[in-house]
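The values are calculated or read from the model by the stated rules, or taken from the named source; none is laboratory data. Just so you know, these numbers come straight off a predicted model, no measurement behind them. When we count neighbours, we look across all protein chains shown, and the Cβ atoms used for this are built from the backbone with ideal geometry, even at glycine.
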Amino acid sequence: MKTLPTILTIAGSDCSAGAGIQADLKSIHANGGYALTVPTALTAQNSQGVQNVFAVPALQVKSQLESLVSDYQIDAIKIGILVNTKTIEVVVKLLKTLPKVSVVLDPIFLSSSGKTLLEKEAVNMLIKELFPLVTLITPNLPELNKLLDLPTKERYQGKQNETRQILTELQNRGWPNCLLKGGHSDEEQANDYLLLPKADAIHIFSSARIQTQHNHGTGCTLSSSIATYLASGENLPNAIKLAKEYLFKTLKTAELGQPSYNIELTDRHGGLNHFVDLIDKQ
């Protein structure tokens, strides 16, 4: 019997299915994996933003994780919103029991519409307790600057000539591998930088920028796709390369994957076209 690489996603639930565990679920299956999902938060959101966030009790997160780990072989883990310190504690305990499993952490603090998704006191715990247990973190530029807690005038701009300085910063802090996403930079190309502190190496992944308003869930899609390729046996640089190629396709064809809406709006941000190959054939 052939089995699929099995990826556990621990993240928030997006009822509009553009981001969170719903985007993870679609991305993992589209890239040939099998997704297990544990929601850490229930959000009320749509294509216009996040209206409310409810944290799933840490005990329920713990129960879900114990249920899954008792029955499934976990080949990789993707982590998104963890909301508070109690949930981080639960996840830290889980990861310590799975030391050989690749873990991709997307350190989300705010929704794209500005809603707070991680309690302030949880940020330090995320860095101190969780970072040492993960394979890769995937911050965008605002998230990296928040993690580094830099004054405004010292914040990075996502330029290629900054990457060596950032790598040194990661080395000094003992942080894990970092994929700095370039969506918020003003570089002409969409450049993502893989910074490998232990190897003292930098890899650049570049693609053309896609101009679309339907870009909800790009970070979730990329991180869960990376986890899927790691679970399939790819090394880290190749997993990122393949995941970025997939993300490019989902963005380029995003308008083909939109649902029906009640009203016409010019500024809504829909999700991506996760099943691009399937929809293109219709």
Study note, to complete from the structure: Restricted to region 67-84 and to residues being modelled with pLDDT of 95 or more and not hydrophobic (A, V, I, L, M, F, W, C), the residue nearest to Asp14 (Cα to Cα) is Gly80
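Condition check ((1) closer than 19 Å to Val276 by Cβ; (2) of a type outside the set (Asp, Glu); (3) out of contact with any helix residue (DSSP H, G or I) (no Cβ under 6 Å at 6 or more places or on another chain); (4) not in a strand (DSSP E or B)) across all residues:
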residue	(1), (2), (3), (4)
Leu167	no, yes, yes, yes
Asp192	no, no, yes, no
Thr228	yes, yes, no, yes
Leu242	yes, yes, no, yes
Glu245	yes, no, yes, yes
Practice item. Tell me which residues, restricted to region 36-54, are within 24 Å of Gln258 (Cβ to Cβ) and either surrounded by fewer than 21 Cβ atoms within 10 Å (Cβ to Cβ) or of a type in the set (S, T, N, Q) (or both). Key: Thr37, Leu42, Thr43, Ala44, Gln45, Asn46, Ser47, Gln48, Gly49, Gln51, Asn52
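Against the definition (outside any loop (DSSP other than H, G, I, E, B) and in contact with a Ser or Thr (Cβ under 6 Å, 6 or more places away or on another chain)), how does Gln64 come out, yes or no?
Against the criterion (outside any loop (DSSP other than H, G, I, E, B) and in contact with a Ser or Thr (Cβ under 6 Å, 6 or more places away or on another chain)), Gln64 does not qualify.
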Point to revise | Residue list for region 133-159, filter: touching a residue at least 40 places away in the same chain (Cβ under 8 Å), over 16 Å from Leu196 (Cβ atoms) and either part of a helix (DSSP H, G or I) or touching a Cys at 6+ places or on another chain (Cβ under 9 Å) (or both) | key: Leu133, Leu141, Pro142, Leu147
Revision key, fill the gap. Checking Tyr193, Tyr229 in turn, the sole residue that is surrounded by 17 or more Cβ atoms within 10 Å (Cβ to Cβ) and either in contact with a strand residue (DSSP E or B) (Cβ under 7 Å, 6 or more places away or on another chain) or of a type in the set (Asp, Glu) (or both) turns out to be Tyr193
Exercise for review: Could you tell me which numbered condition Gly182 fails, if it satisfies all but one of (1) assigned to a strand (DSSP E or B); (2) in contact (Cβ under 8 Å) with a residue 40 or more places away in the chain; (3) crowded, with 18+ Cβ neighbours inside 10 Å?
Suggested key: (1)
Review point. Of a type in the set (Asp, Glu) and not in a loop (DSSP other than H, G, I, E, B): does that describe Glu234?
Key: no
Review point. Which condition number in (1) closer than 30 Å to Glu255 by Cβ; (2) buried (at least 17 other Cβ atoms within 10 Å of the Cβ); (3) touching a strand residue (DSSP E or B) at 6+ places or on another chain (Cβ under 6 Å); (4) of a type in the set (Ser, Thr, Tyr) is the one that Thr163 fails?
Key: (1)
Point to revise | Candidates Thr163, Thr138, filtered to the one that is hydroxyl-bearing (Ser, Thr, Tyr) and out of contact with any Asp or Glu (no Cβ under 9 Å at 6 or more places or on another chain) | key: Thr163
Check your understanding: Residues in region 236-243: is at least one farther than 24 Å from Gly12 by Cα, without any contact (Cβ under 8 Å) to a residue 12 or more places away in the chain and not hydroxyl-bearing (Ser, Thr, Tyr)?
Key -> yes
